[in-house]
Amino acid sequence: MITIKNESQIEKMRRAGALLHSVLEALRAEIRPGVTTMHLDQMAERLIREAGGIPSFKGFEGFPYSICASVDDQVVHGFASHDRLRKGQLLSIDCGCILDGWQSDSAFSVLVGGGSAEAQKLIDVTEECFWLGASMARAGNHLGDISHAVQAHAEAHGYGVIRDLTGHGIGQEMHEDPNVPNYGTPGRGVRLQAGMTLAIEPMISMGTWKVRVLDNDWTIVTRDGSLASHYEHTVLVTDGEPEVLSFPGAKVSEAVR
């Protein structure tokens, strides 16, 4: 069932989003060669709990960490480890938090200590896919408008759009209806209404869109071993400018100019 949030509930999601944004910005500043993703995981949990929140991911359906730390060909659900990050690796960090009973979900990708122009382009295009998709999150549009905007931009650059994984509705639960695919047809799917909240999350690969699951039953990697990038925010559907709840102050209209 799709839930429509009222203004009081949206304000709680804004506060959860602001907390998550501050945590992810702190993690971003900490990423460098030699740091471990286990350190980043422990840092995320500490910052969330110190602010009165709860890490959404830890224990969710048995997931053991507070962040998903996915490296290189890992698309999502990478396990934190004590391995030290190396210069040039592509690292995606996905994290969620609960504050006052309401959820926020967000992800970003970076090159550790810098890296190749090709890998940076993949990261940049993935972020552009998000903003183009988010710009469609307006009342009266359809889910397919979001999905198509992501797909068209990624495929215009020759990239693969991961099809086995989707974004999702979000609210008091991490995963609510509807699913938000990163590929689709304009004008198709659920008609969007003001007050819907969606986690829009392009997952884009440099090669194939096909994936497989590692033996830990969580981590998903590209089947051809190509690099993958992930970018996500929690977005509020409105009658006008969509609001990015997990990126306070961000303007979708400015990002897509």
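The values are calculated or read from the model by the stated rules, or taken from the named source; none is laboratory data. From a predicted model like this one, the values you see are computed outputs, not experimental measurements. Positions of Cβ are backbone-derived with ideal geometry, glycine not excepted, and every protein chain shown enters the neighbour counts. Areas reflect the complete protein model, heavy atoms only, side chains present, ligands, DNA and RNA absent. Shrake-Rupley method; radii C 1.70, N 1.55, O 1.52, S 1.80 Å.
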| message | Multiplying the sequence separation of residue 124 and residue 239 by 0.36 nm and subtracting their Cα-Cα distance, what value in nm do you get? | response | 38.6 nm
| field | Cβ charges +1 (Lys, Arg) and -1 (Asp, Glu), total dipole of the chain, debye | value | 240 debye
| task | Excluding residues on the same chain fewer than 8 positions from residue 210, give the aspartates and glutamates whose Cα lies under 18 Å from its Cα. | result | 72, 73, 155, 164, 201, 224
| J(HN,Hα) series, segment 247-257, from Karplus relation 6.51 cos²θ - 1.76 cosθ + 1.60, nearest Hz, glycine and proline x | 9, x, x, 6, 10, 4, 4, 6, 6, 9, 5
| message | How big is the dipole moment of segment 194-257 about its Cα centre under a simple scheme where the beta carbon of each Lys and Arg is +1, that of each Asp and Glu is -1, and everything else is neutral? Debye, nearest 20, please. | response | 260 debye
| Farthest toward positive dipole pole in the chain [+1 Lys/Arg, -1 Asp/Glu at C-beta], among 137, 38, 104 | 38
| task | Between residue 117 and residue 29, take the C-beta separation as r, use R0 = 22 Å, and let me know the FRET efficiency to the nearest 0.05. | result | 0.45
| message | If packing is taken as the average count of other Cβ atoms within 10 Å, what order do 113-119, 237-243, 144-150 fall into, highest mean first? | response | 144-150, 237-243, 113-119
| Around residue 167, which amide H atoms from residues at least 5 apart in sequence, or from another chain, sit under 5 Å from its own amide H, with H modelled in the peptide plane? | 180, 182, 201
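Which percent of the accessible heavy-atom area of the chain goes to carbon and sulfur, probe 1.4 angstrom? Please list the in-between numbers first.
Values: 5170 of 10630 Å².
Carbon and sulfur atoms account for 49 percent of the accessible area of the chain.
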| message | Which order do the peptides 177-186, 208-217 come out in when sorted by mean C-beta neighbours inside 10 angstrom, highest first? | response | 177-186, 208-217
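Determine the per residue accessible area of the chain with all protein chains present and a 1.4 angstrom probe, expressed in square angstrom.
Roughly 41 Å² per residue, with all protein chains present.
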| remark: Read-out Kirkwood radius over Cα pairs in Å, candidates [x] 17.9; [y] 21.7; [z] 19.2; calculated match is [x]
| So how strong a dipole does segment 1-63 carry about its Cα centre when Lys and Arg Cβ are +1 and Asp and Glu Cβ are -1, to the nearest 20 debye? | 80 debye
| request: Using a cut-off of 15 Å between beta-carbons, work out the net charge of the residues near residue 254 (Lys and Arg +1, Asp and Glu -1, residue 254 not included). | output: -2
| request: Under 16 Å Cα to Cα from residue 251, which lysines show up? Leave out anything in the same chain fewer than 8 places away. | output: none
| request: Excluding residues on the same chain fewer than 8 positions from residue 12, give the aspartates and glutamates whose Cα lies under 18 Å from its Cα. | output: 50, 100, 105, 173, 176, 243
